[in-house]
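First the structure, in the form of structure tokens, and then the observations on it.
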Amino acid sequence: MRGLSISPWSDIWFVDTDMGTLFRSDNRGQTWFPVSHLEARYHSILPVSGPVGFTTRPEVMLFATCHNDPLKISSHPCVALRSDDAGLTWNAANVTGGSEISSDGKPLLDSNPKQWVTSLQNNSGYVLVSVHEGLYRSLDDGLTWSEVPVPSSHTNSPRGLFLDESIDPPLVFMGTPSGIYIWQDGDEVNARQVWNASESPLLSFSGGRTDNSGRVTLSFVDLNINDCDVDSQEDCGAVYFFSDSLNGTELLTLESFTFTKTSQRAYHIVLTQSDADVMYATGARSWGRATGTSVWKGLWNTSSVEFDFQLTFLQSDVYNSYAKWPADKLDYSSVGLDVGYYDGGYYTFAVNAKNSNETGGSGNFFLHISRDGGEHWESSFTEYRDSCNTGGGRSAGERWSSAGIEMTSVRHLKFNPFNLSHGYASVADINMLKTLDGGDTWEISNSGFSGINTVYDYAFVSEHVIIGVGGNFHDWPHGWYKNPIRGAGGAFISFDTGTSWRRLGQFISINCSNESKDVNCTITNDYGGQDMIRQVLSALYDESDGTLYIGTHAGGVARLVGLGAAIDSGYVDLVDALEWEWINNGLGSLATGLVVPEMKIFNGTIFALLTGDAPNYTNKDITGIHHWDREDEVWIIHRGVLQWPAAVHPDFDLWVYPTSFDIDTTTGAMWMTDMNSYNYLASGIWKSVDGG
């Protein structure tokens, strides 16, 4: 969860995410719904996304999902979008001139948007957007745009933008690493610098004006690690402010702006556009020991004529035994309680431009918002559902439901055939989720998992006995995660419907022992070895003989014979005593890695999917669906004649990286999908009605 955006006009909020998925709320963050990828651009290469911009009409909004590295905008072009129905549908908008056009005729942005600022005069049409190299203005709520004619030194690498509407035309304040600049709209030729930051570059800048007092506040944070402690000696400096009861005309002619240095350290500073009395300072994601999640609130003190800062939020106090922010001030989330408040800080920290009490920030795993100026914080991405059992107190291991946005990606769901109201989800970063009521509520049940980031698959022995397999690397099959990876992880069993887990089988290896069952025992580059302290992608339990089969991320297929009988005995020691056996005959060379992402059983026959040994793909001729010949103990491939797609070049390869398969239980037809990243148009869905 990256960019939080709060409309100053309505109940519409947005959160955008890595890879560009945009979530919309029409009730001020109570529930969320994804905007279609056909409307708001999605791309797996995007590590972050920017916030949504608002205009002077409540129903008109602006958005652009771009790569955060401006040097990559040419290789990953970006299109600005405009919505005139409160963010439900979006159309291309030409913001920066569109010197290039996309393949489908849309004007591409020449530079990444950084901040959208709208006039608070309803229906005036005035909107500004700062980009990585420049500033653009619209007078019709984003329909048409023109570049603001100020020198590039005044706008490049923007650190913040403030629109002062105390006079007409308004004043524009722009913060860049080199300083703060001021001009009156339309008179850019007389733009001037009011703060020179040559000695300490600006990290952030913001401003606000209170109508009833006429006072204006400008504030910035400079880069000066001498003002910071050991945990924040990157992206850190002191907070400075200028605050006075001057109107726009007086500011325009003011000879000298005197900024007062405070003792408050920060990375990011945010003011409400319509309030000069309140500011929020936050830490940086680069700060150590979770201190980047700090939020300080600065309140104007009329007696001392300065801002008084107070810590109003800190997810986890590392120096105080990792104490969480008090329960009466934070609505805890399942992720925080069951996994931990391990987040570096905020990608975006936002304040409602017309209400300084409404604020919030988003990071990798959390979205925290406050509606009362930081006195109380909500985890608005989740809803607590066990209050009737706990008297309202929140603790680990309890039930929750989604508010429509998840803190990480859910790969897939599996429901237990012995009780279809029991479902288990494969989830990156937090291991897994389970439901025992058909999806109404969910729990994070990860007690006993060791070396696990993602539980990739499940197999079911009974209603209460569950197998879970996974590893310490998430995001298979994207990027380099598709390569053979030994990693850590393994196969785990739960005897209590997934509440607690224990490792399965013996660990025969020179690398691992029963006392060393985590990532530290697998610091080897080989894909072999007998231990099961490794990443596992798939699992299958054969009820007919009580054998468990697993597909690993590098070592091929292994089985655990006698598991069913050991479970039936009721003695856990017998389960622990079982020994793993590798069965890779027929799957090719272990030397380059055997990746088996999926396994199934059909009419008593075990099937496994062998995918490519990326990045070299030396096994491309034997990838695909295999079945296990129990008599000869060998894997037999189902890959006969491949009908060459007409659109695929004859020099390309097919079936380089299969990712999933299934078998129609009625007809026996085989279905398979593959991901062919480097062979144009070769990815797709395959079907065989004759056994391959």
- Item | Rg and Dmax of region 209-291, Cα atoms only, in Å | 14.7, 46
- Query: How much net charge surrounds residue 422 when only other residues with a Cβ under 13 Å from its Cβ are counted (Lys, Arg +1; Asp, Glu -1)?
  - Reply: -3
- Principal axes first, then extents: for the Cα atoms of region 137-194, list largest minus smallest coordinate on each axis, whole Å, largest first. 31, 23, 19
- Item | Translational diffusion of the chain, µm² s⁻¹ [Kirkwood Rh, Cα pairs; Stokes-Einstein; 37 °C; 0.692 mPa s] | 118 µm²/s
- Task: Using the heavy atoms of the protein chains and a 1.4 angstrom probe, tell me the accessible area per residue for region 215-286 in square angstrom.
- Result: 39 Å²
- Hey, can you find the accessible area per residue of region 572-692 for me, probe 1.4 Å, expressed in square angstrom? 52 Å²
- Student exercise, the chain dipole from Lys, Arg, Asp, Glu Cβ charges, in Debye to nearest 20: 320 debye
- Message: Can you compute the radius of gyration and Dmax for region 169-237, using only the Cα atoms, both in Å?
- Response: 14.6, 46
- What order do 246, 202 take when sorted by accessible area (1.4 Å probe), most exposed first? 246, 202
- Task: Return the carbon/sulfur percentage of the accessible area of region 612-692, one whole number, probe 1.4 Å, all protein chains in place.
- Result: 54 percent
- Message: Going Cα to Cα from residue 482, which aspartates and glutamates come in below 13 Å? Please leave out same-chain ones fewer than 8 positions away.
- Response: 613, 674
- Task: Take every Cα-Cα pair in region 584-692 and report what % of them are more than 20 Å apart.
- Result: 38 percent
- Task: Check cross-link reach from residue 324 to the lysines: straight Cα distance under 30 Å, and skip same-chain residues fewer than eight apart.
- Result: 297, 434, 517
- Calculated on alpha-carbon atoms, Rg and Dmax of region 241-284 in Å: 12.6, 36
- Going from most exposed to least, what order do 241, 652 have by accessible area with a 1.4 Å probe? 652, 241
- Task: Might you work out the accessible area of residue 126 for me, using a 1.4 Å probe with all protein chains in place, and round it to the nearest 10 Å²?
- Result: 20 Å²
- Message: Below 21 Å, Cα to Cα, which lysines can residue 687 reach? Residues fewer than 8 away in the same chain don't count.
- Response: 600, 620
- Query: Under unit Cβ charges (Lys, Arg +1; Asp, Glu -1), what dipole magnitude, rounded to 20 debye, does region 174-281 have relative to its Cα centre?
  - Reply: 120 debye
- Item | Amide H contacts under 5 Å for residue 365, placed H, 5+ residues apart | none
- Query: Which log10 I(q)/I(0) values, to two decimals, does region 410-515 give at q = 0.16, 0.19, 0.21 Å⁻¹ under the Debye formula with one point per Cα?
  - Reply: -0.69, -0.93, -1.09
- Task: Sketch the reach of a paramagnetic label on residue 643 as a point 7 Å from Cα along Cα-to-Cβ, and name the residues of region 659-684 whose backbone nitrogen lies under 15 Å away.
- Result: 669-672, 684
- Count neighbours as other Cβ atoms within 10 Å of each site's Cβ, and list the GluC sites (Glu not before Pro) in region 375-479 that are DSSP loop with at most 16 such neighbours. 375, 463
- Query: How big, on average over all directions, is the shadow cast by the Cα convex hull of region 444-503, in nm²?
  - Reply: 4.1 nm²
- Projected-area mean, region 217-364, by convex hull of Cα positions, square nanometres: 10.1 nm²
- Signed unit charges on C-beta, dipole axis of the chain, positive-most listed residue 91, 226, 393: 226
- Query: In vacuo Debye scattering of region 539-639, one point per C-alpha: log10 I(q)/I(0) at q = 0.11, 0.25 Å⁻¹?
  - Reply: -0.35, -1.33
- Once label points are set 7 Å from the Cα along Cα→Cβ at both residue 602 and residue 678, what is their separation, rounded to one decimal in nm? 3.1 nm
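The values are calculated or read from the model by the stated rules, or taken from the named source; none is laboratory data. All values derive from a computational prediction rather than experimental measurement. Every residue, glycine as well, gets a Cβ built from its backbone with ideal geometry; the counts of neighbours run over all protein chains shown. All accessible areas refer to the heavy atoms of the entire protein, side chains included, with ligands and DNA or RNA removed. Shrake-Rupley method; radii C 1.70, N 1.55, O 1.52, S 1.80 Å.
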